[in-house]
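What follows is a set of notes on a single structure, which appears directly below.
Laboratory data are not the source of any read-out in this text; all were calculated from the coordinates shown. Quantities reported herein were computed from a predicted structural model and do not represent experimental measurements. Heads up, the Cβs are rebuilt from the backbone with ideal geometry, glycines too, and the neighbour counts pull from every protein chain shown.
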Amino acid sequence: MRSIGMALLAISGSIIAAPVALPVAVVSVAGYAALAGGVISVISQITVDDKTNRERAITNRLKKDNQNLPRDGIK
């Protein structure tokens, strides 16, 4: 969802900042799309469960550290 919101922001920002004269309706729709994209991005970022992500990262790091690696550098 965050990627969709960021895409909406990028596309609408490009339309709003276009160096050519565009109809008012197109620029207005781009403004609303930018607003929607921002809201989507913020909400999707707020709803991420940081605790689960942190625990997963710690578990992956521990698995990586506990691998049996040769001591002489030969693989």
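Tabulated values for the structure
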item: Amide N of region 1-38 lying under 20 Å from the label point, which is placed 7 angstrom from the Cα of Thr52 along Cα→Cβ; result: 1-5
item: Whole-Hz couplings from phi, Karplus 6.51/-1.76/1.60, listed for region 50-58; x for Gly and Pro; result: 5, 4, 5, 5, 5, 5, 5, 5, 5
